Amino acid sequence: MALSSTVKESVLLKALNRGPGVTLKSVAKANNIAVSTLGKWLTQRRKTSITSSPRSNTREHWLNHLLNTKDMDDVSLGTYCRKHGIYSHQLTDWKNTLMSHKTNDKAENQALKKLKEENKQLQREIARKDKALAEASALLILKKKANLIWGVDEDDS
């Protein structure tokens, strides 16, 4: 029997806003659902909340979360992260990214694009040379086999 979306949302909110002594298992048991089901729901919720937000990957969004969590202890931080569908390691990554002094992202992206194109071209050249080498070795083997079967080549005598 499928649960309605309002019931599912209510269970998700209970799981996200649970206190420090409450486990996912106890939330699942209290609502008569499997822990794995609750875990899948939470994963889907995190994915949709991160990807559906148009500003989820902006520096302003990162800074907002960093400022909101700067004075939190581990328990409060965990609750905040669950509520907003982010991970604590993301906060660290965002802080490191924001603290680095990369101001020339456009030039860096252009250089990366140029290197990727050069890499593609070199890969194509390697593939072409591999094919030519395989063909040359196949012809050499065929020539040796023909010489063994019919004798020495007339050009060699």
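Number of residues in the range 72-130 that are under 23 Å from Thr58 (Cβ atoms) and acidic (Asp, Glu): the value is 3.
The single condition from (1) over 17 Å from Arg18 (Cα atoms); (2) at pLDDT below 90 that Thr69 fails is (2). Residue count for the range 36-53 under the criterion of being loosely packed, with under 13 Cβ neighbours inside 10 Å and at pLDDT 75 or above: the result is 4. The combined condition, being part of a helix (DSSP H, G or I) and either modelled with pLDDT of 85 or more or within 23 Å of the chain's Cα centre (by Cα) (or both), is not fulfilled by Ser10. Regarding the range 86-109, can at least one residue be identified that is closer than 24 Å to Pro20 by Cα and outside any helix (DSSP H, G or I)? Within the range 86-109 (the criterion being closer than 24 Å to Pro20 by Cα and outside any helix (DSSP H, G or I)), the answer is yes, since at least one residue qualifies.
The values are calculated or read from the model by the stated rules, or taken from the named source; none is laboratory data. Worth saying up front: this structure is predicted, and the values here are computed from it rather than measured. Note that we place each Cβ from the backbone using ideal geometry, even for glycine, and neighbour counts take in every protein chain shown.
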